[in-house]
Structures are given as C-alpha cells and as structure tokens.
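First up is the structure itself, then whatever we jot down about it.
Only the coordinates and a few stated rules stand behind these numbers; no lab work does. Just so it is clear, the structure is predicted and the values come from calculations on it, not from any experiment. As a convention, Cβ positions derive from the backbone with ideal geometry for all residues, glycine included, and neighbour counts pool all protein chains shown.
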Amino acid sequence: MSQPYHALQQLLDKINAEVSPASVHGLWCGRFAAGDKPDSRDWWEYTIRMAGVEQNVEANMQTAFQAVASFAEANLHQDNFSFEPWLPSDSAECTLRVAALADWCRGFIEGLISVKGPEMMEKSPEVKEMLQDLLAIGEVDSEVSGTDEDEKQLLELSEFVKVAALNLYHELGIGPAAGVAQKGSTLH
C-alpha cells in the first residue's frame, strides 16, 4: 500500500519529522487497536512526540495528519481484510521494505502500550504471543540481499503482521467483530 505511505511521508517531511511513515502508521494502528481516536488530544501529542518534532505545528498540518489518520483508522476498521501496513512500494529495495516492516511493528507495539500500558500484560496467552511475535519482527535484521527467498519471506512476514494486527484489534474488544459479538450477547 505505497500511496498512503508516500502521502504520510510528504506530511512528515513538511514538519521535519525524524521517523518513517511505517513507524507512524504502526503507532496509529496500535493506538486505534487500543481504543484511541485521531481526534483525541493525546493522539496528536503522542504522534508529534514520536516524530521528534520540537517546533509548533500549524493547525492546518494537524488537520492534514488527522485526515490521513482517519483514513488509516477506517482501513483498519473495515471487516474485509483489505488492511495493509503502510510500507514502501514493492519496487523499493527489499532492505528498505524489511526495515519499514520492522519499524511498523515497533510502532504498533508502542501504540498499544502507550494507551493500554501494563494492562497488556494481563491479556490472554494468545494476545501475549502475538505481541511477542511482533516484537521479534521489529528486531529482524534488515540487511538482506533481495533474493527471491528474501522476497518470499518478506511477503510471509507482511501477511503475518497484517493478520496479527487485525487479530489484536478484534481481541482487544475494539474491532467490529468484537462489537457485533457484544451486541448480540444477552444476559440470562
């Protein structure tokens, strides 16, 4: 999903941010999975802090970031598995895409923890395992040669990350499937 990645890159460049679009998208998705919204003041402050921006950001830039984040949230919320972590296009070097996937995973975990904190350690063993797997992917060595085998492994890791993010979104009780299950339950 390179187009949103590049749009976010342009916004980050305009505010002289020190992070990758993958990191920011991962952060946002982690925060959304934990129940945060792009219109909350805390969301914006955390985004700016992660981006390493020290100057004041104009209101119109904040509005632009909120629009991109709302698009990201809507994409995560769709229940048709069209969600994708925002990474460089497939034409980018394999090394760059591996590094971006690792950035995305680290951002996602940071986003979850920034909202849920120690509560994440009280979750089910399945949730903890997914978090550990995402942490491990966040530490993957991005120095790859770009062989067909590297490309295949990157595709598999990307698919795993996609599924893990969606599962965590639903497991934490925020996603649409969780909401449907709660609405359909009755007290006896």
Compute the distance in nm between two label points, each set 7 Å from the Cα along the Cα-to-Cβ direction, one at ASP90 and one at GLN78.
-> 1.7
Report the label-to-label distance for GLN132 and ASP148 in nanometres (one decimal), using points 7 Å from each Cα along the Cα→Cβ vector.
-> 3.5
Simple Cβ-charge dipole of segment 2-174, Lys/Arg +1 and Asp/Glu -1, about Cα centre, in debye nearest 20 = 620
With labels modelled as points extended 7 Å from the Cα through the Cβ direction, what inter-label distance (nm, one decimal) is found for SER40 paired with GLU54?
-> 2.8
Relative contact order [Cα under 8 Å, 6+ residues apart], the chain, whole percent | 30
GNM of the chain, Cα pairs under 10 angstrom: of GLY26, GLY35, GLY138, the biggest fluctuation goes to GLY35
Hey, in the GNM for the chain with a 10 angstrom Cα cutoff, which one of ALA34, ALA59, ALA136 fluctuates hardest?
-> ALA59
Applied in sequence order to segment 115-132, the curve 6.51 cos²θ - 1.76 cosθ + 1.60 (Karplus, θ = phi - 60°) yields integer Hz couplings, x standing for Gly and Pro, of 9, 8, x, x, 4, 4, 6, 9, 7, 4, x, 5, 5, 4, 5, 4, 5, 4
Per residue of segment 146-161, in order, report the coupling 6.51 cos²θ - 1.76 cosθ + 1.60 (Karplus, θ = phi - 60°) as ³J(HN,Hα) in whole Hz, putting x for Gly and Pro.
-> x, 5, 4, 5, 4, 4, 5, 5, 5, 4, 5, 5, 4, 5, 4, 4
So, in Å, what gap is there between the alpha-carbon centers of segment 59-101 and segment 3-32?
-> 7
For the chain, count the residues as N, evaluate 2.2 N^0.38 Å, and divide the Cα radius of gyration by that value, please.
-> 1.03
Residue of ASN16, ASN167, ASN75 that the Gaussian network model of the chain assigns the largest fluctuation, springs spanning Cα pairs under 10 Å | ASN16
